[in-house]
Amino acid sequence: MGGWAIAVHGGAGVDPNLPLECQHQAKQLLTRCLNLGIDALRSNLSAIDVVELVVRELETDPFFNSGRGSALTENGTVEMEASIMDGPKRRCGAVSGLTTVKNPVSLARLVMEKSPHSYIGFSGAEAFARQQGVEVVDNEYFITKENVGMLKLAKEAKTILYMMFDYRIPATGLDKCSAGVDSPIVMNGLPISVYAPETVGCVVVDSEGRCAAATSTGGLMNKMTGRIGDSPLIGAGTYACDLCGVSCTGEGEAIIRGTLAREVGAVMEYKGLGLQEAVDFVIKHRLDEGQAGLIAVSNRGEVACGFNTTGMFRACATEDGFMEVGIWEQ
């Protein structure tokens with residue numbers, strides 16, 4: 001085994017004109033979460049414990065789109081989703097449609113460990129949360145004034161905001177957004193006016209070579225109620241096995257069609273590719289015209305990332321001393 005490794009992401013698709021202050025805030029949060037994971041690994045916590053710990057921290061901070069700070073539905077409410085997977089024996093748990101659970105990733109783990117199922121959604125997931133005694137809060141806890149402003153812009157434009165438009169960038173409407181709408185991305189036939197960060201995730205391999213992955217999100221701004229993205233779908237947004245752990249971010253529908261996370265493990269297993277080779281292959285050949293990114297670790301202590309967007313909020317480290325926190329392409 002090559003020692004432990006960890007990677008964290010805060011979403012792919014970054015406005016190229018994102019203010020330096022916001023870039024600094026993002027890097028500070030990523031660094032804090034990365035160090036939290038590193039300390040846990042040095043204390044011999046298992047991979048599955050570390051991914052849950054790190055994603056809980058990301059869900060608690062409103063900067064990215066998960067937990068507090070999640071994107072709003074067309075009705076102005078929050079519906080969150082998350083998944084977690086433990087590489088040994090490929091155990092997994094996932095949840096969707098959460099409106100009161102403070103940390104969706106922890107409920108996903110309880111689905112994996114305390115239920116006979118792999119995936120529970122909406123009212124059933126909320127009932128399960130109360131049976132398990134997890135912390136719940138009013139839906140208003142998750143709503144920020146920035147996201148209320150974003151929802152207003154989305155409704156005025158009669159579209160959805162794909163991932164999160166950074167409302168902290170001065171703007172009077174979508175026509176003023178620095179990302180522009182001259183060449184809109186189209187998802188499932190709908191124009192996507194703004195492309196900016198969303199979703200959080202963490203992948204870890206511990207010192208015993210065990211891989212794990214977790215992903216959490218609030219989804220799309222102004223999404224239809226009941227919409228489910230890639231993040232809670234095992235094999236699409238999240239996957240872990242004996243070989244690797246993967247967490248994806250980006251255009252959910254494209255990630256679902258490409259079963260992106262599972263494909264990394266598949267090409268490693270069946271084509272004999274190394275981790276970075278597998279990530280590069282999947283980003284190039286499995287997204288069609290979709291926009292996405294991912295982070296991955298291998299059971300050999302390697303870490304990798306890949307994206308075809310303008311950037312991806314990410315941080316990674318390995319036991320041999322390598323550490324990187326970045327946004328833009330190298």
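Scoring Thr31 on the criteria (1) farther than 14 Å from Asn65 by Cβ; (2) surrounded by 18 or more Cβ atoms within 10 Å (Cβ to Cβ) leaves a single failure, condition (2).
When Gly87, Gly3, Gly69 are checked against the criterion of being of a type outside the set (Lys, Arg), surrounded by fewer than 24 Cβ atoms within 10 Å (Cβ to Cβ) and more than 16 Å from the chain's Cα centre (by Cα), Gly3 stands alone in meeting it. Across region 230-254, the number of residues qualifying as part of a loop (DSSP other than H, G, I, E, B) and surrounded by 24 or more Cβ atoms within 10 Å (Cβ to Cβ) comes to 7. Taken as a whole, region 267-287 holds at least one residue that is among the acidic types (Asp, Glu), more than 26 Å from Asn44 (Cα to Cα) and in contact (Cβ under 8 Å) with a residue 12 or more places away in the chain.
Per the conditions (1) surrounded by fewer than 18 Cβ atoms within 10 Å (Cβ to Cβ); (2) not in a helix (DSSP H, G or I), the sole criterion not satisfied by Asp39 is (2).
Taking the conditions exactly as written (part of a strand (DSSP E or B) and open to solvent by less than 10 Å² (accessible area, probe 1.4 Å)), does Val95 satisfy them or not? Yes; evaluated as a whole, the condition is true for this residue.
Taking first residues from region 314-330 that are over 10 Å from Ile6 (Cα atoms) and partners that are among the hydroxyl-bearing types (Ser, Thr, Tyr) and open to solvent by less than 100 Å² (accessible area, probe 1.4 Å), the Cβ contacts under 6 Å between residues at least 6 apart in sequence or on separate chains come to Val325/Thr31. Scanning region 279-287 for residues that are modelled with pLDDT of 95 or more, surrounded by fewer than 24 Cβ atoms within 10 Å (Cβ to Cβ) and over 22 Å from Asp230 (Cα atoms) turns up nothing.
Scanning region 255-278 for residues that are over 25 Å from Phe322 (Cβ atoms), open to solvent by 30 Å² or more (accessible area, probe 1.4 Å) and not charged (D, E, K, R) yields Ile256, Thr259, Tyr270. Which residue pairs have Cβ atoms closer than 7 Å, lie 6 or more positions apart in sequence or on different chains, and pair a first residue in region 134-163 that is at pLDDT 90 or above and of a type in the set (A, V, I, L, M, F, W, C) with a second residue that is in a loop (DSSP other than H, G, I, E, B) and open to solvent by 80 Å² or more (accessible area, probe 1.4 Å)? Cβ pairs passing all conditions: Phe142/Arg68.
Screening region 99-122 for residues that are among the small types (Gly, Ala, Ser) and part of a helix (DSSP H, G or I) and picking the one that is least open to solvent (accessible area, probe 1.4 Å) gives Ala108. Taking (1) over 14 Å from the mean Cα position of the chain (by Cα); (2) open to solvent by 10 Å² or more (accessible area, probe 1.4 Å) in turn, Glu52 satisfies each apart from (1). On the stretch given as region 288-313, residues that are under 16 Å from Ala212 (Cα atoms) and either in contact with a Lys or Arg (Cβ under 9 Å, 6 or more places away or on another chain) or without any contact (Cβ under 8 Å) to a residue 24 or more places away in the chain (or both) total 3.
The values are calculated or read from the model by the stated rules, or taken from the named source; none is laboratory data. As the structure is a computational prediction, the values presented were derived from the model and not from experiment. Cβ: placed from backbone, ideal geometry, glycine included. Neighbour counts: every protein chain shown. Keep in mind that these areas ignore ligands, DNA and RNA; they rest on the heavy atoms of the full protein, side chains included. Shrake-Rupley method; radii C 1.70, N 1.55, O 1.52, S 1.80 Å.
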